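Structure record follows, encoded as C-alpha cells.
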Amino acid sequence: MSTENEGNAVPPAPSAPPVPVAAPDASPQAHTTPEGTDGPAGPGHQADQQPGQPAPAPQTHQAPQTHQAPQAPQAGQGYPAAPAAGAEPTAPLPPVPGAAPQPPVAGPEGAWPPPPPPGTPTYADGAGGAGGGAAWGASYQQPAPKPKGRGGLLAAVLVAALVAGGLGGGLGYTLARNNDNGSSTTVSASDNGAAQVKRAPGTIANVAAKALPSTVTIEAEGSNGDGGTGTGFVFDKQGHIITNNHVVADALDGGKLTATFPDGRKYDAEVVGHAQGYDVAVVKLKNPPSDLNPLPLGDSDKVAVGDETIAIGAPFGLSNTVTTGIISAKNRPVASSDGSSTSKASYMSALQTDASINPGNSGGPLLDASGAVIGINSAIQSSGSSGGFGSSGQSGSIGLGFAIPINQAKYVAQQLIKTGKPVYAKIGASVSLEDSTGGAKITDQGADGAAAVEANGPAAQAGLKPGDVITKLDDSVIDSGPTLIGEIWTHKPGDKVTITYKRGGQEHTVQLTLGARAGDS
C-alpha cells in the first residue's frame, strides 16, 4: 500500500466567529469533512419536538436580514505523512500503485533507484482546510420579530430577572471584596499537593518526562527558501540525531539545518548521511552539549499487536507533542514519496499504530510502554488527500500511522555514520511495481534496457528467470513488487532467505544469499 510522508509547517489557527444574539430558527445542515483533511466542522444539531406537545402555529413575519460570518482561514503548508503503501515525509495513502511501468526492485547498480509505484501518495499529507456544510463561515439569520401580547410580557419578565440578577451579582462581589475573611465554599489544595502526585515508572507522564529532553524539533531550509519542520531524537553522546530522509531533504544542497531541544537550546546541524530508499537520515549537532542522553533502543522484532505506543513529535509545528495508541499491525508494506514527478519511492515493512501522527511528526520516536524506541514515525494514511509534499493543503491523522522498525533504522544509521552511504540488500532482479495480489513478477526487461535478472547475481544463481512470480520470502507473503522490496530491505546483505515462486503454474522453492548495493544511485 502506498502512503504519504508527514512533516510540515504549521497552518494558522482559525479565528472564532462572532457569537449570535439568538440562535436561528433553522438548524444548520450536517456536513462532512473531505478525506485526508481535518477541516473545521460547523457546530449544529437538529432540535427534536417533545412527544405530546402540539406544534406551534406558523407565524407570518418579514424576511430576516442575513449577515455573513467571517470564513475560517485556509490551512498553511507543511510536511507530508506515511502510509501503508504510500507514506509522508507524513498525503493520501492509496494501496500500492495501480497500473504502472515495471521498474526494477534491485537490479544492476545502474538500475537504482526504482521509480515510485504509480499513484503512490506523497510524503506530505493531502489537502487540508475547512470542511463543507455549516461551519464558521455559515451565514447567520436573525429571528423574525415576535408578535406582541403574552410573549411581550414574558420578555419583560425575563429582562427584569436579568437586571435583578446583575444587581445581585454586583452586590455579592462588593460584599466579598469588603469582607475577604468571610466563609467560602471552595477548598484549596495544600501547598505540597503537587509534590504528593507520584507518576510511577511506566505511566505515560513518566515515560514522556524522560524521553522529551532527548528529542529535537528539526527545521530544514533549502537554498531557495523552501523547507519545513520535522522531528528527531538523540542517537548517541557524540551528537548524532536520527530522523527521516524527507525531513532533511530540502537542506541537502547548500541549505540550513537547526535542531531545537524542548528546553529551548538550539543548535546548527549538518547531514552526516541519508538513505532515500530507507527514508532514514543522520544529522550531527555542531558543538553538541556534554549532557546528551541517547534514547534507549528497543527490539522491534519482539513488538506485539496491541502493545502500547507513545509518539513524540512536532505535528504542524507544535513541538514536543506527545500522543498515545497501540501497535495496530506489523509488517505493513508501505511505499511513500513526496508526490513530485521526479520523486523516488521509499519502501518499508512498517509498524502500524493508531497513535496520532501528523505532518511534523516525521522522524520522531515511537516508544513502547517502557520508553524504549521501537520505530521512527514516517508516514500516515490520509483519506482523500490531494496535495503533495510541501503542498498548501494537508490532511491530518485518521489513526493510520506507520513507523520504520528500529532494528532496521539502527542498522542503516550505523552504516551512515560509518561510511556516509546506505547499504541495501538485493536479489539482483527487476520486478514489476504494478498493484497486484498475485505476487512480485520478475519483468522481461530491466531499467534502461538492462537485463531483468542480473548476471551472476543472487537471483540468477538461484535459477530465477523473467516471468517468474515470487509469492513468499521466508514466511512472509509477497503480494506485489513493493512488498518484496520492503521485505528484502528488512534484511542485511549476506542473509540467506528462502524464495517461493511460481513458473508455468507450478510452485518452486529456492534459497539464495542476498547481495549488496551501496548508495542511492
Problem - Residues satisfying the stated conditions in the stretch 307-333, i.e. open to solvent by 40 Å² or more (accessible area, probe 1.4 Å) and part of a loop (DSSP other than H, G, I, E, B) - result: Asp307, Leu318, Ser319, Asn320
Exercise for the section: Name the residue, out of Lys284, Lys302, Lys266, that is among the basic types (Lys, Arg), modelled with pLDDT of 95 or more and more than 18 Å from Ala251 (Cβ to Cβ). Expected result: Lys302
Handout entry: Given (1) crowded, with 21+ Cβ neighbours inside 10 Å; (2) touching a Lys or Arg at 6+ places or on another chain (Cβ under 9 Å); (3) among the polar types (S, T, N, Q), number of the condition Asn293 does not satisfy
Key = (1)
Fill in the blank from the handout: Restricting the stretch 452-486 to residues that are within 27 Å of the chain's Cα centre (by Cα) and surrounded by 24 or more Cβ atoms within 10 Å (Cβ to Cβ), the one nearest to Gly515 (Cα to Cα) turns out to be Ile485
Handout entry: Pairs, first within 24 Å of Gln238 (Cα to Cα) in the stretch 294-318, second among the acidic types (Asp, Glu), C-beta under 8 Å, six or more apart
Key = Pro294/Asp236; Gly298/Asp368
Exercise for the section: State yes or no: is Ile398 open to solvent by 20 Å² or more (accessible area, probe 1.4 Å), outside any helix (DSSP H, G or I) and either within 26 Å of Gly306 (Cβ to Cβ) or at pLDDT 90 or above (or both)? Expected result: yes
Handout entry: Tabulated pairs, the stretch 222-239, first hydroxyl-bearing (Ser, Thr, Tyr), second open to solvent by 20 Å² or more (accessible area, probe 1.4 Å), C-beta under 8 angstrom, 6+ apart or interchain
Key = Ser223/Asp253; Ser223/Gly254; Ser223/Gly255; Thr229/Ala9; Thr229/Val10; Thr229/Glu219; Thr229/Gly317
Practice task
Say whether the condition of being within 15 Å of Glu487 (Cα to Cα), modelled with pLDDT under 95, in a loop (DSSP other than H, G, I, E, B) and under 31 Å from the mean Cα position of the chain (by Cα) is met by at least one residue in the stretch 433-441.
Solution key: yes
Exercise for the section: Output the number of residues of the stretch 235-256 satisfying the condition of being buried (at least 24 other Cβ atoms within 10 Å of the Cβ), over 20 Å from the mean Cα position of the chain (by Cα) and assigned to a strand (DSSP E or B). Expected result: 0
Practice task
Take the residues in the stretch 413-432 that are assigned to a loop (DSSP other than H, G, I, E, B) and in contact with a Pro (Cβ under 6 Å, 6 or more places away or on another chain), then tell me which one is surrounded by the fewest Cβ atoms within 10 Å (Cβ to Cβ).
Solution key: Gly428
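The values are calculated or read from the model by the stated rules, or taken from the named source; none is laboratory data. Note that the coordinates shown come from a computational prediction; the quantities given were computed from them, not determined experimentally. Quick reminder, even Gly has a Cβ in these numbers, built from the backbone with ideal geometry, and neighbours come from all protein chains shown. We work out accessible area using only protein heavy atoms, side chains counted, and drop any ligands, DNA or RNA first. Shrake-Rupley method; radii C 1.70, N 1.55, O 1.52, S 1.80 Å.
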